Amino acid sequence: MVAAAAKFAISGLHVHYGKICALRDLNLDIRAHEIFTVIGPANSGKSTFLNCLNRLIDLAPASRLSGEIRLDGVDIRAGLEVESLRRKVGIVFALPLPLPISIYENIVYGLRMQGIRDAAVLDEAVERSLRESYLWDEVKDRLRSPAMNLSGGQQQRLCMARILAGRPDVLLFDEPTSGLDPISTARIEETMLVLKEKYTIVLVTNNVAQAARVGDRTAFFLMSEMVELSETSRMFTTPVDQRTSDYITGKFG
Amino acid sequence: MKPARRRKLKEWLIEKAILLSGVFSVVFVLLIFLFLLREGLSLFRGESVLDFLLGKSWYPISSPPRFGILPLILGSVLVTLGAAAISVPIGIAAALFIAEIAPARLKEALKAGIELLAAIPSVVIGFIGMITLGPWIKNLFNIPTGLTALTGSVTLAFMAMPTIVSIAEDAVTAVPRQYREAAIAMGATKWQTTWRIVARAARPGMVAAVMLGIGRVIGETMAVMMVTGNAAMIPTGMLQPVRTLTATIAAEMGESVQGGAHYAALFAIGIVLFIITFLINGVADLFLHRSRR
């Protein structure tokens, strides 16, 4: 097997909110076409980590970063325009956030913003991205109806389609199934496993079992630090650190 | 009486008292309208409705008197459109700035300033319009009088602005934060987010803000009477003196004979105004409800 290239290379990353330290000395690589999962209790810094990868962290008042994040070797804070970074690195939030417009318009929204007007291109992107997120069959006959009428699970897959329409490189998921029922959750997880063929996926989750089901490698965060990073199968069978073992077996969390 | 029964009675009394106050406010509006109708409709025994609405001359004390309010309607429309053209773009832009762009301290200062603008009595605004704006417009356009429709529009724009800004600002602030985050996460710039997502989601509230601002302008009397020159002629441009419906009632009510035709005509103008503001408020309400849904 060929060694996978690093998609993201993170070295010496510190994040502070005002005086509070949210991430301490983080060093890790995320490989192309893997599902990189991050687990850990609340306030462990895992969402902060995710928000660093597409610089949504810039919106948080008084946030300070030091260290380096490279995407395909390019420093994302110096070498890349923030808007194009965010188009390359799409995020799906915990709560589905369709915009109050039709299904179709939700998906082409980002493309229109980039100035794409050609109806054929837009139609193609809608069908492709809805197929990729396994929503096409459910909504193909009502693309013009409001996105708000979809169920929670469908809305979340619509949000995935919306990101996919812009042909990103990396997909970030921030606890994408925390508001969904088990069946919708299963569908999202299946979709992720298919999507990793084309994309690199970073999944932050509260659900330890979910990390075990879909992750290739898993990082365990605790109190602003990464405690352990290993192949997912190894972490869930023979964790190195006692704290990791305690967390994944449910002794705290 | 047992405590339980007393509590029940108290509940009942409070409930009915609140109901009564609610009913009263509606009843008062109805009574005002009925009163207007009773006083105003007698005009139409001697005058046709069409002659009244579309008559070109308003000579209430000549003999025979002429009660055509078309010049007054056009005066009101002209001043209102002018005021809207000035206050709507500035007001909406100000609302977007305050809600989306201004840093917290500037935001508070601006909001306080705009509320203060709303608190200035209309006669003071009219006074400023008459003393400073009027002569300025007279000199700028080199016209015989500075008391024109334009002067009225500018003055009233200042009065509509607080209503427009504060309601539109509420509408913009009420747009869920998540919409902004979703747009920014997709690579939208700040401006694209503000214009395409936030402004679009807040549009019903903005329309309501505009309608209520316009309602304020149409109903305004004192300032408009002081700065528009009060000539009841059909206006052909913004630089002519005009007279509005409201100013006519205020100026002439004192000199009309109670129960006479002139008196009834002024009340009939009141009916017209009532219907106009009723329609405007209705439209605003429609949009406000839509925005809440």
Rounded, prolate or oblate (a/c below 1.5 giving rounded, otherwise prolate when a/b exceeds b/c) for chain A by Cα gyration tensor: prolate
The range A:181-253: chymotrypsin sites (Phe, Trp or Tyr not before Pro) in DSSP coil with no more than 15 other Cβ atoms inside 10 Å: A:Phe252
Sequence-distant residues sharing a close amide H with A:Leu23 (under 5 Å, placed H): A:Val15
Spatially proximal aspartates and glutamates relative to B:Lys111 (Cα-Cα < 14 Å; intrachain offsets below 8 disregarded): B:Glu100, B:Glu169, B:Asp170
Neighbour-limited loop hits for trypsin sites (Lys or Arg not before Pro), the range A:36-65 (at most 16 other Cβ within 10 Å; DSSP other than H, G, I, E, B): none
In Å, descending, principal axis extents of the Cα set of the range A:149-253: 45, 27, 24
Two-site FRET efficiency, A:Asn207 against B:Leu106, from Cβ-Cβ distance with R₀ of 51 Å, rounded to 0.05: 0.75
Sparse-neighbour loop sites [trypsin sites (Lys or Arg not before Pro); the range A:99-143; at most 14 other C-beta within 10 Å; DSSP]: A:Arg117, A:Lys140, A:Arg142
Relative counts (whole %) of C-alpha pair distances in chain B, using bins that are 10 Å wide: 6, 22, 26, 22, 14, 7, 2, 0, 0
DSSP bridge orientation in the range A:6-248 - percent antiparallel, rounded to nearest 5: 60 percent
Long-range HN-HN contacts of A:Val92 with modeled amide H, under 5 Å: A:Leu172, A:Phe173, A:Asp174
Filter on A:Lys7/A:Lys196; A:Lys46/A:Lys251; A:Lys196/B:Lys190 - keep pairs with C-alpha separation over 22 Å: A:Lys196/B:Lys190
Tilt relative to chain A, helix A:119-132 - C-alpha long axis, 0 to 90 degrees, to 10: 50 degrees
Rounded D (µm²/s) - the range B:98-203, Kirkwood Rh over Cα pairs, Stokes-Einstein at 4 °C, 1.567 mPa s: 79 µm²/s
Spherically averaged projected area in nm², based on the convex hull that wraps the Cα atoms of the protein assembly as shown: 39.4 nm²
Residues whose placed amide H lies under 5 Å from that of A:Glu228, excluding near-sequence neighbours: A:Phe220
Sites excluded, GluC sites (Glu not before Pro) in DSSP loops with at most 11 other C-beta within 10 Å, longest stretch of chain A: A:82-196
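Where a number appears in this text, it was derived from the coordinates with a stated rule and is not lab data. These numbers were taken from a predicted model, which means no experiment stands behind them. Cβ: placed from backbone, ideal geometry, glycine included. Neighbour counts: every protein chain shown.
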